[in-house]
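Quick notes on the structure that follows.
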Amino acid sequence: MENPFDRSREVAVSQDIPTHRYNLNFIYELPVGRGRTFLSGASRLTNLIVDGWEVSGIYSYFSGQFLTPQWTGRNPTNSRTPANVTIRPDLLRNANLPSDRRGVNQWFDPSAFDAPDVGNFGTSAKGVIKGPDVNVWHTGFHKNFIFTEKMRRRLEMTATNFFNHPNWSNPAVNISQVANVGVISCVGGVNGSSTGDQPGARSFRLGVRFEW
């Protein structure tokens, strides 16, 4: 707590819990091959190729985190021992930019903040900067070869971030670092610790599984 005499500024939405979270999971067995809707009269060779295919997917959307701005400099409050501190700055106006103006080189408006006045804490509350969302598709293609009732082989190809959609990390929020404040320097997503999903660049995995 920065200022025990103004506790209202400490109330904020948790950074690690997204306010909106949507997950869609599906698995679909293609109706192709002997005894199915399509190619039900396929030859043995054709059936070996077209039968047993499945498509699966996971779509995830998480709203961005609520980030807290920082300012680093000589202690203006006369309330702490260290000569240099990192505290919240003054908030002059809404720092969040419209979606058509946001980008990796300027995610929010740094000029919406200023250094705290001498003898005062900064006026900014926590979580006033909205971070980037996470939007990702994971997809899998599977081919089953059934040998007996209890034994089968399964070929798998899975793709993380199938559409290779860039999911940005959080921007730099310290207004004292003029060169990179508001800048997003990498991809990879930001909700990995709270949602278990860190979508980086698209990647593929091939595998074979035996079940009995």
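Taken together, the values in this text are just the output of simple stated rules run on the coordinates, not laboratory data. Everything numeric here is computed off the predicted structure, so don't read it as measured data. Don't worry about glycine lacking a Cβ; one is built from the backbone with ideal geometry, like all the others, and counts go over all protein chains shown.
Take residue 162 and tell me if it is hydrophobic (A, V, I, L, M, F, W, C), under 30 Å from residue 28 (Cβ atoms) and either touching a residue at least 12 places away in the same chain (Cβ under 8 Å) or surrounded by 19 or more Cβ atoms within 10 Å (Cβ to Cβ) (or both).
It is true that residue 162 is hydrophobic (A, V, I, L, M, F, W, C), under 30 Å from residue 28 (Cβ atoms) and either touching a residue at least 12 places away in the same chain (Cβ under 8 Å) or surrounded by 19 or more Cβ atoms within 10 Å (Cβ to Cβ) (or both).
Which ranges mark the strands (runs of 3 or more DSSP E) fully within the stretch 1-108 that have 2 or more residues being within 27 Å of the chain's Cα centre (by Cα)?
21-29, 53-62, 84-87
Could you tell me whether any residue of the stretch 130-150 is closer than 30 Å to residue 30 by Cβ, in contact with a Phe, Trp or Tyr (Cβ under 9 Å, 6 or more places away or on another chain), without any contact (Cβ under 8 Å) to a residue 60 or more places away in the chain and of a type in the set (Lys, Arg)?
no
Which pairs have Cβ atoms under 7 Å, sit 6 or more apart or on different chains, and link a residue in the stretch 38-49 that is under 16 Å from residue 146 (Cβ atoms) to one that is of a type in the set (Lys, Arg) and part of a loop (DSSP other than H, G, I, E, B)?
42/34; 47/34
Any idea how many residues of the stretch 79-101 are farther than 22 Å from residue 10 by Cβ and touching a Pro at 6+ places or on another chain (Cβ under 9 Å)?
0
I'd like the full set of residues that are charged (D, E, K, R), over 25 Å from residue 60 (Cα atoms) and under 33 Å from the mean Cα position of the chain (by Cα), limited to the stretch 127-155.
154, the sole residue that qualifies.
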